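Undergrad: Just passing along the structure, written as structure tokens.
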Amino acid sequence: MSSRLQNILVPVIAVLLGVLVGTIIMIITGYDAVAGFIALWQGAFGDSYFFGETIRQITPYILAGLAVAFAFRTGLFNIGVEGQLIVGWLAAVWVGVAFELPKIIHLPLAVLAAAAAGALWAFIPGFLKAKYRVHEVIVTIMLNYTALHITNYIIRTVLSEKSDRTESIAESASLRSPFFESLTDYSRMHWGILIAIICVIIMWFILEKTTRGFELKAVGFNQHASDYAGMNVKRNIILSMVISGAFAGLAGAMEGLGTFGYAAVKGGFTGVGFDGIAVALLGANSPIGIVLAAILFGSLKVGALNMPLQAGVPNELVDIIIALIVFFVAASYMIRLIIKRFGKKGEK
Amino acid sequence: MDYVIEMLNIRKEFPGIVANNNITLQLKKGEIHALLGENGAGKSTLMNVLFGLYQPEKGEIKVNGKKVNITNPNIANDLGIGMVHQHFMLIDKFTVTENIILGKEITSRGKIDMKKAESEVREISQRYGLAVDPQAKVADISVGMQQRVEILKTLYRGAEILIFDEPTAVLTPQEINELIQIMKTLIKEGKSIILITHKLKEIMEVCDRVTVIRKGEGIGTVDVKDTNPNELASLMVGREITFKTEKSEAEPKENVLEINQLTVKDSRGIQAVNQLDLTIRQGEIVGIAGVDGNGQSELIEAITGLRKTDSGSIKLNGKEISHLPSRKVTESGVGHIPQDRHKHGLVLDFTIGENIVLQTYYQKPYSKFGVMNNKEIYVKANSLINEFDVRTPDEFTLARSLSGGNQQKAIIGREVDRNPDLLIAAQPTRGLDVGAIEFIHRRLIDQRDQGKAVLLLSFELDEIMNVSDRIAVIYEGKIIAIVNPKETTEQELGLLMAGSTEKKAGGVN
């Protein structure tokens, strides 16, 4: 069996196993599994409103997945996507409320501010790694908390007067799309999905087509050989984190400029950044894989909201299924072994 | 005879090669017995047999006259055999005492009695003159002291017979003197020592007898007082006629590489290259002969811009390159076949094609305006695969899945194809089969014949003698002699490599 086919089969089997074990759990705990899954499906794709909401949820998932995958493909583990997303969200909203500009300038400016803020937030661990060999996992985890509390502070004291949220952004900075809204029965679907798809293409182009991507990958695989070949290892480590952070910042812009139109004080993490790790893992760090994984996780998340209403199944069950899928992907060695067995039997 | 250890007619095979054949080593009580041989001659294999890591196919081992069957290192320990490894087996974050007692802890009611352990360590260290601080963390003490901890570990376990595996390789000259004193003290206290080495000077200084092995064969055992470094060198390298690579007379022209008074520090901050002078001309191959660890790696890293120089100059075609980053050095006409092809030479998870353009990917035609041109890359890769006979399914195969010889051919193709004025080949044939070796030698000579300068670093004397037009002998970071391979012998080279220059007329020191 070709390794390419295996790479596709592993996530598919992981998803099926996740759903299977989820079903067993539903049955054991006395819920109607069939009704549960019907509710899940209808909650994600059952009518145009749900469909629009699903797309809305997929959008930041794609970008967060790209952020994790880009760093991973270049040898780094960016756990800080959540924090970079939060600062990107705030930066976008800040630009959105602080200026009055024509839309053609204001919206791109707000989007770029988010990317820049995420990039800057990721620069810190990149710099520390390149210069002082501080492990990026530690620094990015800490910076997630730092981002959460600093943005909360700024929202309370700078962007509002002791309020829990900022003003809403100016219309000229908004990603909201009356067109998509009218198509989808006034869901919150916005233009951001186009930005996400453009970023998928950008990631593919950088990694597969540019000399920069060649260097980034080389440094990720083998720093010694990259050094020998005359590449600047430190600069490439920093750049990898910065690009990853920019994607994460854009994911924040999707929430700030599209879904909500403001930034609110958060009691905890959004979770999107962490789900990005699962998206990248299930998508095998490839651009297309990330789109597919984001579609799956996005529809599960949105569809889950319909489960308690329609089938009386708690929506936490979807979190269990997502966790199981991640588990089975992480345990892909086991799945590969099973595929091999079956492959051999097929040959006989 | 009063032998503590007898290894009689030992034979050990690995798939495809005989690592030890008919080797006999007899260790008398209270002597320092050297085990001498070149890199890869089979010394480590023999000691691993004694230590129970390998089982011999033939032969027997006797300890104190009794035949024994050593099937694992614990049995060796129980028989009083201790090994001082070349690469220390210590836990950095533990103290000296904790490392020494590891696995043999003194406990009372489940708790380690550290006080008692420390006093025992102190007692042993005083008895044998092994100065250590029992409470110091291993990470904080010098390499010499770490080695003393290794020795203490074996003594603490009651070793009567100590095997030292190339103990001086990692030490400074002063630390070597201290170690020699320690070994003499150990002998006085009734221990017996096997010293694995290829340094003749050390053998002459401390050993009583020496057993020589060459290419896995036991050559014999001689008394040190009846021999001299000359004889030992010839025993070690052998006199048999070796396969000569055919080549015409060199026609050297202009200077390509001129190194003057070059000083370079190694990663530990110790001077590895020390006021070194070397010149290489167009159309000649200069071989660097020397025992590993005499500054060869640092010299090459300095030339190629991978390591900072301390002082002195490196000129390529008259232009100073010692301050340039490695990319600029490469661009100014230096090709480099690195010593460690997996670490430096290749990105194993890249395809052959991507590895072929590892240094040139940013240049036309492989990329334009920062965008890669995969078609050109793989066309080039394909042509090099054919020209250099790289056996691979295709140019899109990952470098990881190729055999060592084919990986090396791909590297050589890449470096030669850039048409450098100076080609540096560091151990280009290490671990390769005979066919690949011949091919690579041929390619180096071709480069020379096209008027290029070639610098060859090798630990194989055969290779140095066969391929070089001039041989520069490096010892302790200096070129101590330049010899003509036609006029020298392997014995003479062996002597020079061990730092002895007295006999050689014209040796520059």
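The values are calculated or read from the model by the stated rules, or taken from the named source; none is laboratory data. Every value quoted in this text rests on a predicted model; they were computed, and no experiment measured them. Positions of Cβ are generated from backbone atoms using ideal geometry, with glycine treated the same way; all protein chains shown enter the neighbour counts.
Undergrad: Quick one: which strands (runs of 3 or more DSSP E) lie wholly within region B:8-93 and hold at least 2 residues that are surrounded by 16 or more Cβ atoms within 10 Å (Cβ to Cβ) and touching a residue at least 24 places away in the same chain (Cβ under 8 Å)? So that I can check it myself, show each step before the final result.
TA: Values: elements: B:17-28, B:32-36, B:58-63, B:66-68, B:81-84.
Of the strands (runs of 3 or more DSSP E) lying wholly inside region B:8-93, those with at least 2 residues that are surrounded by 16 or more Cβ atoms within 10 Å (Cβ to Cβ) and touching a residue at least 24 places away in the same chain (Cβ under 8 Å) span B:17-28, B:32-36, B:58-63, B:81-84.
Undergrad: Determine whether region B:375-387 contains at least one residue that is at the interface with chain A (Cβ under 10 Å from one of its Cβ atoms), among the aliphatic types (A, V, I, L, M) and in a helix (DSSP H, G or I). Can you show your working first?
TA: Going residue by residue through region B:375-387, those that are at the interface with chain A (Cβ under 10 Å from one of its Cβ atoms) are B:377.
Cutting the leftovers down to among the aliphatic types (A, V, I, L, M) gives us B:377.
Still in the running and in a helix (DSSP H, G or I): B:377.
Yes, there is a match, as at least one residue in region B:375-387 is at the interface with chain A (Cβ under 10 Å from one of its Cβ atoms), among the aliphatic types (A, V, I, L, M) and in a helix (DSSP H, G or I).
Undergrad: Keeping to region A:259-308, report how many residues are of a type in the set (A, V, I, L, M) and part of a loop (DSSP other than H, G, I, E, B).
TA: Residues of region A:259-308 that are of a type in the set (A, V, I, L, M), as a first pass: A:263-265, A:272, A:277-282, A:284, A:288, A:290-296, A:300, A:302, A:304-305, A:307.
The next check asks that each one be part of a loop (DSSP other than H, G, I, E, B); those that pass are A:263, A:265, A:284, A:305.
Residues in region A:259-308 being of a type in the set (A, V, I, L, M) and part of a loop (DSSP other than H, G, I, E, B): 4 in total.
Undergrad: Which number in (1) facing chain A (nearest Cβ under 8 Å); (2) crowded, with 20+ Cβ neighbours inside 10 Å; (3) under 19 Å from the mean Cα position of the chain (by Cα) marks the one condition that residue B:289 misses?
TA: All conditions are met except number (1).
Matching residues to (1) within 14 Å of another protein chain (Cβ to nearest Cβ); (2) of a type in the set (A, V, I, L, M); (3) part of a helix (DSSP H, G or I):
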residue: B:328; (1), (2), (3): yes, no, yes
residue: B:336; (1), (2), (3): yes, no, no
residue: B:354; (1), (2), (3): yes, no, yes
residue: B:363; (1), (2), (3): yes, no, no
residue: B:393; (1), (2), (3): yes, no, no
residue: B:413; (1), (2), (3): no, no, yes
residue: B:420; (1), (2), (3): yes, no, no
residue: B:423; (1), (2), (3): no, yes, no
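Undergrad: Collect the residues in region B:480-507 that are surrounded by 23 or more Cβ atoms within 10 Å (Cβ to Cβ) and at pLDDT 90 or above, keeping them in residue-number order.
TA: Residue satisfying the conditions is B:481 alone.
Undergrad: Inside region A:171-257, counting only helices (runs of 4 or more DSSP H) that do not spill past its ends, which hold 2 or more residues that are without any contact (Cβ under 8 Å) to a residue 12 or more places away in the chain and surrounded by fewer than 16 Cβ atoms within 10 Å (Cβ to Cβ)? Break it down into steps so the answer makes sense when it comes.
TA: Numbers: elements: A:178-183, A:192-209, A:211-221, A:223-228, A:233-253.
Here the list reads A:178-183, A:192-209.
Undergrad: Looking only at region B:341-352, count every residue that is within 8 Å of chain A (Cβ to nearest Cβ) and surrounded by fewer than 18 Cβ atoms within 10 Å (Cβ to Cβ) and tell me the total. Working first, answer last.
TA: Just the residues of region B:341-352 that are within 8 Å of chain A (Cβ to nearest Cβ), to begin with: B:343-350.
Checking which are surrounded by fewer than 18 Cβ atoms within 10 Å (Cβ to Cβ) leaves us with B:343, B:349.
Residues that pass the stated criteria total 2.
Undergrad: Being surrounded by fewer than 15 Cβ atoms within 10 Å (Cβ to Cβ) and touching a residue at least 40 places away in the same chain (Cβ under 8 Å) is the requirement here; does residue A:162 meet it?
TA: When the stated conditions are applied, residue A:162 does not pass them.
Undergrad: Just to be sure before I move on: is residue B:52 assigned by TED's automatic domain parsing to the domain that holds residue B:210, modelled with pLDDT of 85 or more and more than 22 Å from residue B:187 (Cβ to Cβ) in the structure I sent? Lay out the reasoning, then the answer.
TA: Details: assigned by TED's automatic domain parsing to the domain that holds residue B:210: yes; modelled with pLDDT of 85 or more: yes; more than 22 Å from residue B:187 (Cβ to Cβ): yes.
Answer is yes for this residue.
Undergrad: Could you list, in sequence order, all residues of region B:399-418 that are modelled with pLDDT of 90 or more and surrounded by fewer than 18 Cβ atoms within 10 Å (Cβ to Cβ)?
TA: B:417, B:418
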